[in-house]
There are 2 protein chains.
Amino acid sequence: MTPGLAKMILYHHPMSASSRFVRLMLSEYGVDVELYEERPWERRPSFLAISPGASLPVLVDQSGYPVVGAFPLAEYLDETRGAMARDRRLMPDYPLARAEVRRLVDWFLVKLESDVTRALVRERVFKLEMPAQSGGGSPNSAALRGARANMRQHMRYLDWLAGTRDWLGAKTISLADLAAAAAISVLDYMGEVPWAEAQHAPDWYSRVKSRPSFRPLLNERVRGLPPVSHYADLDF
Amino acid sequence: MTPGLAKMILYHHPMSASSRFVRLMLSEYGVDVELYEERPWERRPSFLAISPGASLPVLVDQSGYPVVGAFPLAEYLDETRGAMARDRRLMPDYPLARAEVRRLVDWFLVKLESDVTRALVRERVFKLEMPAQSGGGSPNSAALRGARANMRQHMRYLDWLAGTRDWLGAKTISLADLAAAAAISVLDYMGEVPWAEAQHAPDWYSRVKSRPSFRPLLNERVRGLPPVSHYADLDF
């Protein structure tokens, strides 16, 4: 941060995988932001004015200009911070290698989200806080069952990636690891990660979650839903 | 293309908005590829080996290396072609302006896709060709109704964008216009675009669809489902 300038603001939700991904990226690049917890289901008019689909996260820079969504934000931060970070850059140097990292960011923040994470977070977390007229209430057990079945397939793929590569997307830690770990951490909080079916993923995940950037995420708690006991344990 | 090298191959489906988006981009940058029509529901093992989620499109370069998915492909082509295309580059020069283009690419290829396009294409096109055991059969009318209601909301936003800006994402034509027009063209083929509710979107769309890159898309036909009569009309 340049002294004298206001901090940037990040609109986020603690159980949004995309929000966690961007928070990890900001922290890895040493960018200090002010966090504002947004509840997307409230559809606040002033939030919809900057994010018409109520998508999270949104970064508002010092000039008041918003950057909306995980994928635009990842590229924006890569261009404005990553490119200057030399060997701490979270993207490889070559276009084909970058494409593989982006494929996995998309996999964990769009596909895993739509197959698994969105439904579990909605049913088990958002519904606790939502009023009945916005769709709050008890979880839909068919939705939970479907998401959990999908999660077993996703676990197999994550475990295969972790077993065949040092890091998921590149030779060193990259945005692919942050995206995967962000999503896994949301699921793990709720006890929805079938670790018993994995051989290689636990070692990969404990390497990512031991990073200082992860600490603030592991210390957050959702009201009315304590995390499973191993959640913040660095060498489970 | 360098003479003597095999062409790159693009695995695509004519009714996949993301596939159309990448085909437009390739054509705008003068990249000639061999097209291979993939039916994602067949889950061909050799296709799953390069695209584990059966995502489309996939570009396989001359060395056999795949680039999977619209978002990694858009960035890959921007880095390897767009950056050299000077004033024909489909991305603006400044990071914040690029973020706005990416937000809209995401809006049309992820949000519109998940709110509207995916359900209408599945119910009205894929089910015609799918065998019953893969989910083929007659359309689910609740799914059609939900998608059409969402489309009216999306049309309002598209119309607002088209009415307040020369092009959707930047001062000149950009990836945002290609993404939006790719998705709209899939919906328009099926007569699912509520043009009567729009004031500004028709002018924007006819400017995009008049480009030479659009012609091959407008000439394609889906077996058993002819397009609506105005579909290929350049000044409807």
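Nothing in this text is a laboratory measurement; each read-out follows from the coordinates by a stated rule. This one's a predicted model, so the numbers in the text were calculated from it and none came from an experiment. With ideal geometry, Cβ positions are generated from the backbone for all residues, glycine too; neighbour counts draw on all protein chains shown.
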Handout entry: Shortest-first distances to equivalent copies, position A:Trp41, nm, label 7 Å out along Cβ
Key = 3.3
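Can you give the relative contact order of the stretch A:8-88 as a percent, counting alpha carbon pairs under 8 Å and 6+ residues apart?
Working: 100 pairs, mean separation 28.4, N = 81.
Computed over the stretch A:8-88, the figure is 35 percent.
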Handout entry: Relative contact order [Cα under 8 Å, 6+ residues apart], chain B, whole percent
Key = 21 percent
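What trypsin sites (Lys or Arg not before Pro) does the stretch A:17-79 have in DSSP loop regions with at most 14 other beta carbons within 10 Å? Walk me through the numbers on the way to the answer.
Values: sites: A:Arg20, A:Arg23, A:Arg43; in loops: A:Arg43.
Passing sites in the stretch A:17-79 are A:Arg43.
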Problem - Per-selection metrics, the stretch A:8-88 (Cα): Rg and Dmax in Å - result: 12.4, 41
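Would you kindly calculate the mean projected area, averaged across all directions, of the convex hull enclosing the Cα atoms of the protein assembly as shown, in square nanometres?
With every direction weighted equally, the projected area is 23.2 nm².
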Fill in the blank from the handout: With one decimal in nm and the nearest listed first, the spacings from B:Ser141 to its own position in the other copies, using label points 7 Å along Cα-to-Cβ, are 3.1
Practice task
With a point put 7 Å past each Cα toward its Cβ, work out how far B:Ala149 is from A:Ser206 in nm, to one decimal.
Solution key: 4.9 nm
Completion exercise
Asserting the computed 222 nm helical MRE of the protein assembly as shown (DSSP H runs at least 4 long, -39500 (n - 2.57) per run, divided by residue count, to nearest 500) equals -12000 deg cm²/dmol
Exercise for the section: Once the label point is placed 7 Å from Cα along Cβ, list for A:Gln153 the distances to the corresponding points in the other copies, in nm, shortest first. Expected result: 2.6
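Using a cut-off of 9 Å between beta-carbons, work out the net charge of the residues near B:Ala183 (Lys and Arg +1, Asp and Glu -1, B:Ala183 not included). Provide the component values of the computation, followed by the final result.
Values: positive: B:Arg20; negative: B:Glu113.
My count for the surroundings of B:Ala183 gives 0.
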Exercise for the section: Post the alpha-carbon centroid distance, the stretch B:206-236 to the stretch B:87-151, in whole angstrom. Expected result: 18 Å
Completion exercise
Along the stretch B:196-209, Karplus-curve 3J(HN,Hα) (6.51, -1.76, 1.60; θ = phi - 60°) to the nearest Hz, with x for Gly and Pro, reads 4, 8, 10, 10, 10, 5, x, 5, 4, 5, 6, 5, 6, 6
Completion exercise
Listed by chain and number, the residues whose amide H is under 5 Å from that of B:His13, excluding neighbours fewer than 5 places away on the same chain and using placed H, are B:Ser19, B:Glu38
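Starting from the coordinates of the alpha-carbon atoms of chain B, obtain the Kirkwood hydrodynamic radius over all distinct pairs and give the value in Å to one decimal.
Details: mean 1/r = 0.0546 Å⁻¹.
Result for chain B stands at 18.3 Å.
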Exercise for the section: Would you pull out the residues with amide H under 5 Å of B:Leu35's amide H, same chain only if 5 or more places away, H placed 1.01 Å from N? Expected result: B:Leu10
Practice task
Determine the principal axes of the Cα atoms in the stretch B:95-212, then give the extent along each, sorted from largest to smallest and rounded to whole angstroms.
Solution key: 48, 31, 28
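Within a Cβ distance under 9 Å of B:Tyr11, other residues only, what is the Lys/Arg minus Asp/Glu net charge? Each step should come with its number before you reach the end.
On the way: positive: none; negative: B:Glu37, B:Glu38.
With Lys, Arg at +1 and Asp, Glu at -1, the net is -2.
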Fill in the blank from the handout: Sparse-neighbourhood loop hits (trypsin sites (Lys or Arg not before Pro), the stretch B:161-210; DSSP loop; Cβ within 10 Å at most 10 others) -> B:Lys171
